[in-house]
1. State the answer as a single residue: which of 120, 26, 77 lies farthest towards the positive end of the charge dipole of the range 9-241, with beta carbon charges of +1 for Lys and Arg and -1 for Asp and Glu, about the Cα centre.
2. What 222 nm value per residue comes from the helices of the chain, counting each DSSP H run with n ≥ 4 as -39,500 (n - 2.57) and dividing by all residues, nearest 500 deg cm²/dmol?
3. Skipping prolines and chain starts, which residues have an amide H placed within reach, meaning under 5 Å, of the one on residue 126, given they are 5 or more residues away or on another chain?
4. Give the average over all directions of the projected area of the C-alpha convex hull of the range 131-224, one decimal, in nm².
5. Return the sequence-ordered ³J(HN,Hα) values of the range 102-118 in whole Hz as given by the Karplus equation 6.51 cos²θ - 1.76 cosθ + 1.60 applied to θ = phi - 60°, using x for Gly and Pro.
6. What number comes out for accessible area per residue over the range 9-241 if the probe is 1.4 Å? Units Å², please.
7. Antiparallel as a % of all DSSP beta bridges within the chain, to the nearest 5?
8. Please list, in order along the range 226-239, the HN-Hα scalar couplings obtained from phi with the Karplus expression 6.51 cos²θ - 1.76 cosθ + 1.60 (θ = phi - 60°), rounded to whole Hz, x for Gly and Pro.
Amino acid sequence: MILSKQPRHIAIIMDGNGRWAKRKLLPRYAGHQAGLGTVRRIIKYSMKQGVEVLTLFAFSSENWKRPPQEVNLLMKLFMTALQREVKKLHKNNIRLRLIGNREAFSEKLQGLIADAEELTKDNTKFTLVIAANYGGRWDIADTAKRLALKVQQGSLKIEDIDENLFNSQINLNDLPEPDLFIRTGGEQRISNFLLWQLAYTEMYFTNTLWPDFNEENFMEALKSFGSRERRFGRISEQLKNA
Ligand code: IPE
Ligand code: IPE
Ligand code: MG
């Protein structure tokens, strides 16, 4: 299917793994494992549709509040996924990036992340961004802190701080802004995902649980995106004349 308007960057909250497992009378972990399968498929569909960037919310800064067994299992899953999949990503010319506060991860995991980023940094076909221990408020506060440091060091003047400058320092600044946001699992909230970056993103919510999210559901989201009129504050007539 060729669509008239294509998102260049899709950002997804992959939600519903736990409920998927519960419905099948399986442990929550089985849901996360099934969710990983969906990640593989969605990367493929995104590339097939000419999407350039996919940002996936894998673990929020609030998810540490979950029972310790689940947190541990998620960390293990993240680690094995990195070990197993990075070569495949690299072979497919995919660049992998991680956003989030990685200091909280084990040294081993931090090492794996750094190696994966280094290995794939020059790949050009597609960019996969994993948000792990990420929070939108952390992202904004961290950017503010870096700017404050520059002011303190004398390399930046306070009066030069504006939206554009801030935007040029925050995570994902070098990529196209997210055009389409998808949240699976039925909740209609942002849960501290990209806050700054979603300012003009089209939102799409679906009840489908992440492990069940398939190509048809994905195309449905793209179709919905294709029917939206993005006005960015202007009026409809201005867009038609442009
Ligand atoms: C999303 O699925 C995955 C992570 C947060 C890691 P959930 O684990 O939140 O699944 P539900 O919302 O409990 O069904
Ligand atoms: C958001 O899902 C975080 C991820 C998908 C990684 P949650 O399941 O943690 O969000 P809430 O708690 O329902 O808002
Ligand atoms: Mg959830």
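1. Looking along the dipole axis, the top candidate is 26.
2. It lands at -14000 deg cm²/dmol.
3. Those lying under 5 Å, H to H, from residue 126 are 95.
4. Mean projected area for the range 131-224: 7.2 nm², to one decimal.
5. Here the 3J(HN,Hα) series is 7, 4, 6, 7, 4, 4, 4, 5, 4, x, 4, 5, 4, 4, 5, 5, 5 Hz.
6. Values: 12630 Å² over 233 residues.
Result: 54 Å² of accessible area for each residue.
7. 0 percent
8. Per residue, the Karplus-derived 3J(HN,Hα) values read x, 8, 7, 9, 8, 9, 6, x, 7, 10, 3, 4, 5, 6 Hz.
The values are calculated or read from the model by the stated rules, or taken from the named source; none is laboratory data. As the structure is a prediction and not an experimental result, all values here were calculated from the model. All Cβ positions, glycine included, derive from the backbone under ideal geometry; neighbour counts span all protein chains shown. Calculation scope for accessible area: heavy atoms of the full protein, side chains included, ligands and nucleic acids excluded. Shrake-Rupley method; radii C 1.70, N 1.55, O 1.52, S 1.80 Å.
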